[in-house]
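Below you'll find the structure, written out as structure tokens, and then a few comments.
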Amino acid sequence: VGQINREKKSAQLDFPLDTEYGKSFKGMLDSCATSLLINGYKRQGKANSVSAWTVHSYAGDYNPLHDHGVHTGSGLSCIFYLKVPECISSKPEVDVPSLENASGIVDGWTQFSWGAHTMKDLYQLREQTQHVVRPVEGKLLMFPNWLSHMVWPFKGEGERRTLSANFNIHDSPEVTKQFAER
């Protein structure tokens with residue numbers, strides 16, 4: 001879905017989960033996603049990563065608003081920030097970024113959206129339906145696969161590198177029975 005094509009080095013590459021290293025990394029990802037499922041959602045089951053890829057972005061590259069697919073009724077996705085160029089990491093940290101006057105403060109950031117409102121909603125006493133996340137090397141974000149998100153383009157030197165993955169959710173028999181009874 002990404003517009004990762006502004007530089008010769010811009011790329012979205014498959015990250016195989018069936019190699020020796022891939023299997024080890026998959027185990028870590030699956031453990032994190034299963035922990036989120038159990039501890040964050042209070043839902044007994046297991047998360048199983050089914051696809052992973054890296055995104056190598058340079059100035060002008062971006063990912064438009066999208067969500068991710070899985071093969072089960074529910075799923076998780078993740079973004080793992082591997083490399084963040086100084087033109088993004090040197091920006092000041094802000095709680096609620098302002099887009100007024102095209103400040104560029106969120107250039108290169110990931111934006112999540114779960115409604116049709118704007119970032120001004122909090123000031124207008126509406127519930128928040130968007131959130132931007134500043135990329136930080138080593139930060140791992142996990143979220144429901146249906147959650148729409150995008151990455152703003154950035155200006156400046158350097159590579160913004162992420163690893164993303166999708167997880168099928170396999171519910172315990174107890175949870176499956178609860179859903180069937182509803």
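The values are calculated or read from the model by the stated rules, or taken from the named source; none is laboratory data. Only a predicted model underlies this, so the values are computations on that prediction, with no experimental measurement involved. Reconstructed Cβ throughout: ideal geometry from the backbone, glycine too, with neighbour counts over all protein chains shown. Surface accessibility is based on the protein's heavy atoms, side chains included, excluding ligands, DNA and RNA. Shrake-Rupley method; radii C 1.70, N 1.55, O 1.52, S 1.80 Å.
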Of the residues in segment 33-64, those that are closer than 16 Å to ILE169 by Cα and out of contact with any helix residue (DSSP H, G or I) (no Cβ under 7 Å at 6 or more places or on another chain) number 13
Residues of segment 16-31 being open to solvent by 50 Å² or more (accessible area, probe 1.4 Å) and closer than 12 Å to PHE167 by Cβ, in sequence order, are SER31
Among residues of segment 32-50 being open to solvent by 90 Å² or more (accessible area, probe 1.4 Å) and of a type outside the set (Lys, Arg), the residue farthest from LEU163 (Cα to Cα) is GLN44
Discussion item. Would you confirm whether or not segment 75-94 contains a residue that is of a type outside the set (Asp, Glu), out of contact with any strand residue (DSSP E or B) (no Cβ under 6 Å at 6 or more places or on another chain) and modelled with pLDDT under 80?
Written reply: yes
| said: If I filter segment 97-105 for residues that are among the acidic types (Asp, Glu) and either touching a helix residue (DSSP H, G or I) at 6+ places or on another chain (Cβ under 8 Å) or modelled with pLDDT of 95 or more (or both), do I get at least one hit? | reply: no
Within segment 139-161, of all residues that are of a type outside the set (D, E, K, R), more than 24 Å from PRO16 (Cα to Cα) and open to solvent by 40 Å² or more (accessible area, probe 1.4 Å), the one farthest from the chain's Cα centre (by Cα) is PRO153
With respect to SER164, determine if the residue is open to solvent by less than 60 Å² (accessible area, probe 1.4 Å) and modelled with pLDDT under 95. no
Of the candidates VAL55, VAL132, the one satisfying the condition of being open to solvent by less than 40 Å² (accessible area, probe 1.4 Å), at pLDDT below 95 and part of a strand (DSSP E or B) is VAL132
How many residues of segment 1-50 are touching an Asp or Glu at 6+ places or on another chain (Cβ under 8 Å) and either modelled with pLDDT of 95 or more or in a loop (DSSP other than H, G, I, E, B) (or both)? The answer is 13
